[in-house]
Structures are given as structure tokens and as C-alpha cells.
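Here's the structure we're looking at; comments come further down.
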Amino acid sequence: MRENDAPNPTEPPSPFAFRALLREQRVWDTGDAGLPPFDPAQAPGDPLTLFHLWFAEAAAAGQPEPHTMTLATVGADGLPDARTVMLHDADERGWHFATHTTSRKGRQLAARPYAALAFYWHAQARAVRVRGPVHPVPQDETSADLHARSTGALAAALAGRQSEVLGSREELRSTYESAWRRAERDPAAEAPTWTGHVVVPDEVEFFQGDAHRQHVRLRYVRDVQDVRDAADSGPVWRRELLWP
């Protein structure tokens, strides 16, 4: 990189400087000693148990916001979309999040109720991917979850209008201030369009990075032939390794 092309934080880099800066980036500089071991042969029989373990380890390792994830959906027009959302729970039903039914992702899920999730925990060079159909959770459960959260979370849900065109920052400020006052005045206020969803996993993949690029990929696939048995004893999972 030429000296006069060095990135300046007050202005965007030139195309040359951007490409040079991009190629300078490294994924993991810690070496093998800095990455946690992962033996897929010792992995539990179900993906939820392993996810809970990895999530706890990511939080303990200081991973910022380990509960954030990318949610990918497809609209009625067949075009894909993705955004970062917050994980609300992960239980025997699946991976939970919430959104307004009137938002873009809410409309996309109504048209095509299928989604993919992706977690990336840089602190341990780990990633998790989840894919499956999406179902709304009971409204009383959504309400209980929302009201267990902060005043700010309730105010944001009450403000609504997610993904609509915004006229001005002043309009946003005024609406949020009003919603905040309502949330403080009535902590049990309901946000009718705010709805919880659960991604019921058909596939869950766990990725453990390796400094020598011999990454470990373990995929759990729900065995659809055992659906009747799963109704009584839980889903049956097939485990398989994937080439990196």
C-alpha cells in the first residue's frame, strides 16, 4: 500500500487502499493454542445440547453479544433477505426470535415460513447454522417474554412501524419518546403486532475453525423417516461430517 493511500478514518479509502486493507485482514492470529478443541466423535446426540454448551463457552470467553444472529428469509418474490436479530430462546421446540408481523421479515415469513439462522463467535472461531420451518409461538408466550425485558425493549415494540419509510429523525425521536413514556406508565402494555417465532430445525451445523484450515464441520440432520417415533421421544438426528 502506498503511503498516500493509507486509510484515513475521516474519509473512505480509495479502491486500491480498500483492496489492500481487505487482503491484510486475518481471521485467527491466535494459533492452535488459542482455539478450543472440538472432537465431533464426542458430540452429543442432539444439536440443542451442543448449542447450549457452545453458547455458554462463547459467553465465558468474552464473545460480545453471543445472542445475536443473522436471520435469512425469502420473500414472496423469491428474493433473499438477511438481518441481525436477537435470540430469545433455544429449547426443545427450536430457536426463538421476535418481530413485528408488519415488518419486512414478518411479511416474508408469512409468505414463505422458512428461515436460516447463523451465529458467529469470533472469540473461539466457531459458527452455528440452523435451518428449518418457522412457526409463530402463542401470543401469551410472546407477551410474557416481552414484558420480562427492559423498558427500552417494550418501548421499541410499542413504537412499531418497523421497516416503514421514515420521514425524519425528529419523527423517530418523538415517536420513541412517546412510546417510552407509555412503557414506563404501563409496563403491561401490549404490542399487538409483536410476535414470537420459532425456527424448528431440520438441519443444524457446527463449525470449529482451525488455524491450518482443517476446519471441523459437524451437521445434524433430522431424520424425517422417524417422525412418528419423534412425536413420543423427540426428534431423531443423523450426524455427518462435512468437508470444510
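Scanning region 106-123 for residues that are closer than 15 Å to TRP95 by Cβ and part of a helix (DSSP H, G or I) yields one hit, LEU109.
Going residue by residue through region 108-130, is there one that turns out to be in contact with a Leu (Cβ under 9 Å, 6 or more places away or on another chain), touching a residue at least 60 places away in the same chain (Cβ under 8 Å) and over 16 Å from VAL204 (Cβ atoms)? Scanning region 108-130, I find at least one residue that is in contact with a Leu (Cβ under 9 Å, 6 or more places away or on another chain), touching a residue at least 60 places away in the same chain (Cβ under 8 Å) and over 16 Å from VAL204 (Cβ atoms), so the answer is yes.
Only one of the numbered conditions (1) of a type in the set (D, E, K, R); (2) within 25 Å of the chain's Cα centre (by Cα); (3) modelled with pLDDT of 95 or more is violated by ASP210, and that is (3). Here VAL27 meets the list (1) modelled with pLDDT of 95 or more; (2) among the hydrophobic types (A, V, I, L, M, F, W, C); (3) not in a helix (DSSP H, G or I) almost entirely, failing just condition (1).
Quick check: is even one residue across region 45-61 touching a residue at least 12 places away in the same chain (Cβ under 8 Å), farther than 23 Å from TYR220 by Cα and either among the basic types (Lys, Arg) or assigned to a helix (DSSP H, G or I) (or both)?
At the first step, the residues of region 45-61 found to be touching a residue at least 12 places away in the same chain (Cβ under 8 Å) are 45-48, 50-52, 54-55, 57-58, 61.
Pick out the ones that are also farther than 23 Å from TYR220 by Cα and you get 61.
Keeping just the survivors that are either among the basic types (Lys, Arg) or assigned to a helix (DSSP H, G or I) (or both) gives none.
No, that holds for no residue.
Residues in region 71-78: is at least one touching a residue at least 40 places away in the same chain (Cβ under 8 Å) and farther than 20 Å from ARG219 by Cβ? Yes, there is a match, as at least one residue in region 71-78 is touching a residue at least 40 places away in the same chain (Cβ under 8 Å) and farther than 20 Å from ARG219 by Cβ.
The residues of region 125-145 that are surrounded by fewer than 18 Cβ atoms within 10 Å (Cβ to Cβ), within 17 Å of HIS100 (Cα to Cα) and within 17 Å of the chain's Cα centre (by Cα), listed by number, are HIS135, PRO136.
If the requirement is being within 30 Å of GLY34 (Cβ to Cβ) and basic (Lys, Arg), which of these qualifies: ARG173, ARG217, ARG169, ARG222?
Criteria check complete, one pass: ARG217.
The number of residues in region 84-103 being polar (S, T, N, Q) and under 13 Å from the mean Cα position of the chain (by Cα) comes to 2.
Please work out which one of (1) within 18 Å of HIS100 (Cβ to Cβ); (2) more than 19 Å from the chain's Cα centre (by Cα) is the condition VAL198 fails and give its number. Condition (2) is where VAL198 drops out.
Restricting attention to region 1-24, the residues being in contact with a Phe, Trp or Tyr (Cβ under 9 Å, 6 or more places away or on another chain) and at pLDDT below 90 number 4.
The values are calculated or read from the model by the stated rules, or taken from the named source; none is laboratory data. The structure displayed is predicted, hence computed values, not measured ones. Cβ sites come from the backbone with ideal geometry, for glycine too, and all protein chains shown count toward neighbours.
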